[in-house]
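Working notes, beginning with the structure itself.
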Amino acid sequence: MRFVRKKISFVVGVLLLILLVWYLFLKPYDYSVSITSKTFPGTINQSIKLWGKDNKNTVWLQQKDFLNIDQHFLFNDSIFHYKWRINPINDSTSNIKVYIKDVDHSILNKLSIPFFDTNFEKRTRKTILDFNDMLNEHIEKFRVTVLDSLHQLPETYCAYIPLKASQISKAKGMMQNYPILSTVLVDNNVELNGRPFLEITTWDKEVDSISYNFCYPIIKSDDLPQNNIIKYKKFNGLKAIKAIYNGNYITSDRAWYALLDYAKKKGIEVTETPVEVFFSNPNFGGNELEWIAEIYLPLKN
């Protein structure tokens, strides 16, 4: 019996030693936080990156893939490594797991955290709460409604200005060029034929950059005004899945991600070249939740 007790004690001791070695030296993080958010992964992805870039303590941020983002913060003399992991739960809810490590003081943190409410923990909680407050505030400022059917966007002839920008700068490019486009067309008595729209031609989700055409439907004629900025073409129309976006057009790309999620869930093959049709003029101001845009994601041919 004594031998059995010694053997059990030895095994337990070895297991405790292995656990201690793992905890102190092999566990890849010092602290973790979990957040449940009532939005889809695309909104969270963009929010993490934009919030991180705007945060003065961020020294490095990289998207490993769409659901995994790594970030380094500098607080005083310490570098904190944040690993953001986004997990979709359903169509309207996602979970965010954040794994945090103090790069230079990891072992000290692991020894202290079980017994004290450390400055590392307090700093981490404050940082995550700041992000969560920002995310919740952002979610309240827009709505995306994905329509459960296929839609046809008709062909039209249009005047357009080709542009390149980051996703967040898309609306700025439109506002800068809208007076040029509209003034030239009106001054030359060009007959307008619909609402302005935006046609994405390339979308690089790794670096959040786009190329796009800012278009105004017109009636084709033989004496259209010519300059080095405005171009003309036939927009061929397309069959697409569709969403209604309400909110500031700066973040209308949130609907792109919602449509991608919908297409994946339904097994619909799409091209990542959204089209946005605008029904509100931001220059008139007003309640942004009353601004309307139709967002289309074309089906693959």
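The values are calculated or read from the model by the stated rules, or taken from the named source; none is laboratory data. From a predicted model like this one, the values you see are computed outputs, not experimental measurements. Positions of Cβ are generated from backbone atoms using ideal geometry, with glycine treated the same way; all protein chains shown enter the neighbour counts.
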Residue by residue through region 34-44, note down the ones that are within 13 Å of the chain's Cα centre (by Cα) and farther than 11 Å from LEU135 by Cβ. PHE40, PRO41, GLY42
Going through region 75-111 one residue at a time, which ones are of a type in the set (D, E, K, R), part of a strand (DSSP E or B) and crowded, with 17+ Cβ neighbours inside 10 Å? LYS83, LYS101, ASP102
Among the residues of region 41-74, which ones are aromatic (Phe, Trp, Tyr) and surrounded by fewer than 16 Cβ atoms within 10 Å (Cβ to Cβ)? TRP60, PHE66
Scanning for something within 30 Å of ASP65 (Cα to Cα) and modelled with pLDDT under 95, does region 268-276 turn up at least one residue? no
Only residues that are without any contact (Cβ under 8 Å) to a residue 40 or more places away in the chain and not polar (S, T, N, Q): list them for region 112-141, please. PRO114, PHE115, PHE116, ASP117, LYS122, LYS126, LEU129, ASP130, ASP133, GLU137, GLU140
So ALA159 passes all but one of these: (1) surrounded by 16 or more Cβ atoms within 10 Å (Cβ to Cβ); (2) in the same structural domain as ILE79 (by TED's automatic domain parsing). Which condition number does it fail? (2)
Sort out which residues of region 262-282 are assigned to a loop (DSSP other than H, G, I, E, B) and either out of contact with any strand residue (DSSP E or B) (no Cβ under 8 Å at 6 or more places or on another chain) or more than 15 Å from LEU299 (Cα to Cα) (or both), and write them in order of number. GLY267, PHE279, SER280, ASN281
Part of a loop (DSSP other than H, G, I, E, B), acidic (Asp, Glu) and either in contact with a helix residue (DSSP H, G or I) (Cβ under 6 Å, 6 or more places away or on another chain) or loosely packed, with under 15 Cβ neighbours inside 10 Å (or both): is that true of ASP130 in this structure? no
Tell me, which residue of region 214-223 that is outside any strand (DSSP E or B) and either at pLDDT 95 or above or of a type in the set (Lys, Arg) (or both) is nearest to PHE278 (Cα to Cα)? ILE219
Meets criteria (more than 27 Å from LYS64 (Cα to Cα) and among the β-branched types (Val, Ile, Thr)) for ILE229: yes
Candidate set: region 66-83, residues that are out of contact with any Lys or Arg (no Cβ under 8 Å at 6 or more places or on another chain) and among the hydrophobic types (A, V, I, L, M, F, W, C); chosen: the one nearest to LEU135 (Cα to Cα): PHE73
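Residue-wise test of (1) surrounded by fewer than 18 Cβ atoms within 10 Å (Cβ to Cβ); (2) under 24 Å from the mean Cα position of the chain (by Cα); (3) in the same structural domain as TYR160 (by TED's automatic domain parsing).
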{"site": "TYR232", "(1), (2), (3)": "yes, no, yes"}
{"site": "ASN236", "(1), (2), (3)": "yes, no, yes"}
{"site": "TRP256", "(1), (2), (3)": "no, yes, yes"}
{"site": "LEU260", "(1), (2), (3)": "no, yes, yes"}
{"site": "ALA263", "(1), (2), (3)": "no, yes, yes"}
{"site": "GLU272", "(1), (2), (3)": "yes, yes, yes"}
For LYS172, are the conditions met, namely being under 26 Å from the mean Cα position of the chain (by Cα), surrounded by fewer than 18 Cβ atoms within 10 Å (Cβ to Cβ), closer than 21 Å to ASN283 by Cβ and assigned by TED's automatic domain parsing to the domain that holds LEU289? yes
For region 244-261, enumerate the residues that are hydrophobic (A, V, I, L, M, F, W, C) and in a strand (DSSP E or B). ILE244
Would you check if there is a residue in region 53-76 being of a type in the set (D, E, K, R) and either in contact (Cβ under 8 Å) with a residue 40 or more places away in the chain or touching a helix residue (DSSP H, G or I) at 6+ places or on another chain (Cβ under 8 Å) (or both)? no
For residues in region 176-213 being among the small types (Gly, Ala, Ser) and assigned to a strand (DSSP E or B), which is farthest from the chain's Cα centre (by Cα)? SER211
